[in-house]
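Asks: The structure follows.
The values are calculated or read from the model by the stated rules, or taken from the named source; none is laboratory data. Computed from a prediction, not measured in an experiment: that's the story for all the values here. Cβ atoms come from the backbone with ideal geometry, glycine included; neighbour counts cover every protein chain shown. The protein model used for the area step is the full one, side chains on, heavy atoms only, and it has no ligands, DNA or RNA in it. Shrake-Rupley method; radii C 1.70, N 1.55, O 1.52, S 1.80 Å.
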Amino acid sequence: MSLPTTAVRFRRTLTAVLLSCALLGGATACGSGGGEKAAPGQSDEISVAMAGFAEAEAEAAASAEDAEAAAASPSPSTPEERQKFAKTRFVANAGLAAGATYQWIIKPYRAGKFKKGTKGRTFALVKAGLASAFAYNRLKAASENAKGDPLLSKAVGPLTAGIDSLKGLGSKLRKGQAGDADIGAFEGVINGVKEAGKSAGATVTDKVPSAGQLTG
C-alpha cells in the first residue's frame, strides 16, 4: 500500500470545496425561488459554518494522513506479518471511525448544535450525516481487518451486530431526527471497539478524518 499521492490529496481538497460551494449555493437558491429571498442572516450563518469546517479540515488532514501512513506496509507474506498487518489496519480504520464520531456527531450533539433554532444547525446536521456514513464504513472495514488476527477476531466478533445497527443513522442525523439513544448507540459501539482492540493488543486512538475523506 502506498501513501496518498499529491493528486489524491488535491482531489480530496477539491471535493471538500465543492461540497462547501454546493451547500452555500443551495442556501442561496432556496431563497431565490418564487421571488423570495433567503432569510436574513441565513447565508452568513452557513458561511461562518463553512469557515469553521475549513479550519477543522486543515487540522484534521495531518491526523488522517498519519493514520494512513501507519497502515501503509508491504504485502505481508508470513502468518506473523499478516497478523501484524491486520492489527495495523484495524487500528487505522477504527481510529478514523472514532475520530469522526466524536468530532462531528457526539461533540456537537452534546453542545446542542442539533437542536432546532440553533445557529449553524443545518450544516452541523450535514456534517453529522457524512460522519455517520464514514464511521460506519470504517467500522465495517475494521471488523474485516480483525479477522486477520485470531485474538482480535475473537474480541471484535461480538460487536458485529452493534456495528450493523449503525447503518441507517446517517439519514436520521441529516434529518435532525436522532436522539439520545441513537447518539448513545454510536458511542457505545465505538467504546466497545476500542476496548476490544485494547484487549487484543491493538490500542485505538482517535484520528479525526479530513473533510475530503468524509466526502470522498
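Asks: Is it fair to say residue 159 is open to solvent by 20 Å² or more (accessible area, probe 1.4 Å) and assigned to a helix (DSSP H, G or I)?
Replies: yes
Asks: Of the residues that sit in the range 174-193 and are touching a helix residue (DSSP H, G or I) at 6+ places or on another chain (Cβ under 6 Å) and farther than 21 Å from residue 95 by Cβ, which one is most open to solvent (accessible area, probe 1.4 Å)?
Replies: 174
Asks: Now for a different question. Identify, from the list 204, 208, 126, the residue that is hydrophobic (A, V, I, L, M, F, W, C), open to solvent by 30 Å² or more (accessible area, probe 1.4 Å) and touching a Lys or Arg at 6+ places or on another chain (Cβ under 8 Å). Spell out the reasoning first.
Replies: Working: 204 fails: open to solvent by 30 Å² or more (accessible area, probe 1.4 Å); 208 fails: touching a Lys or Arg at 6+ places or on another chain (Cβ under 8 Å).
Among 204, 208, 126, only 126 is hydrophobic (A, V, I, L, M, F, W, C), open to solvent by 30 Å² or more (accessible area, probe 1.4 Å) and touching a Lys or Arg at 6+ places or on another chain (Cβ under 8 Å).
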